[in-house]
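The values are calculated or read from the model by the stated rules, or taken from the named source; none is laboratory data. Keep in mind that this is a model prediction, so the values were computed, not measured. Counting neighbours? That spans all protein chains shown, and the Cβs are built from the backbone with ideal geometry, glycine included. Each accessible area value is taken on the protein alone, full model and side chains, heavy atoms only, with ligands, DNA and RNA left out. Shrake-Rupley method; radii C 1.70, N 1.55, O 1.52, S 1.80 Å.
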Amino acid sequence: FTKVISINDLSMFREGMMPPGVSKQLQTHMKEQLQCSPEAIIVPTYDLHNEFLIRFPKFVNRVHVIEPGCDHILDSSTLDDKRIVETPYFVFVGTIDKKSNLAGVLKAFNGFCQMKQGIQLVIVGDNGFGSEAIHKLIKSSSIRERISVVGYKAGAQLKKIYADAIGAVIPSFYEGFS
């Protein structure tokens, strides 16, 4: 292929998922890319494949799914023994934004904490659209001491965070990979 584009999600077409001006810019950019007649369009899931074709049916024979994966099984012997938090924890990894549904996670975690002591929630990721409201919820929460926001992590650090967690929380309203 000489012209290939990759599309991770179509959140720019979903109302309220990002600031209106940004949403419109991204829609315009995508339409411009599609006008260049790409030979292949790569998407990460069959759900996104189907959603894309509903919006852009003329590309039916050019859309290909390449599902995400991981590079290798974690070799914990190469990582240091220091944990991000000492107590058992659930981890959320992603952008801190409206579409990630962290408000729902905080509500559920609050209920979980009423039943189970000694578990924490670790939030890994950068701030995105609507993150101020999420941080405000955390600061005002009665369980804020059980919530750690650690910022963006990658590579071996992120693998270690996943390896040490008792579970991953994936509550998004919309993701291209779900």
Selection within segment 108-127 - of a type in the set (G, A, S) and surrounded by fewer than 17 Cβ atoms within 10 Å (Cβ to Cβ): A108, G111, G118
Quick one: which strands (runs of 3 or more DSSP E) sit completely within segment 88-178 and have at least 2 residues that are touching a strand residue (DSSP E or B) at 6+ places or on another chain (Cβ under 6 Å) and under 26 Å from R14 (Cα atoms)? 89-93, 120-124
Please give the number of the condition N50 fails out of (1) assigned to a helix (DSSP H, G or I); (2) touching a helix residue (DSSP H, G or I) at 6+ places or on another chain (Cβ under 9 Å); (3) farther than 25 Å from F129 by Cα; (4) of a type outside the set (F, W, Y). (2)
Just wondering, is there one or more residues in segment 3-25 that are open to solvent by 40 Å² or more (accessible area, probe 1.4 Å), touching a residue at least 60 places away in the same chain (Cβ under 8 Å) and part of a helix (DSSP H, G or I)? yes
Checking M30 against (1) surrounded by 13 or more Cβ atoms within 10 Å (Cβ to Cβ); (2) touching a residue at least 60 places away in the same chain (Cβ under 8 Å): exactly one of these is not met. Which one? (2)
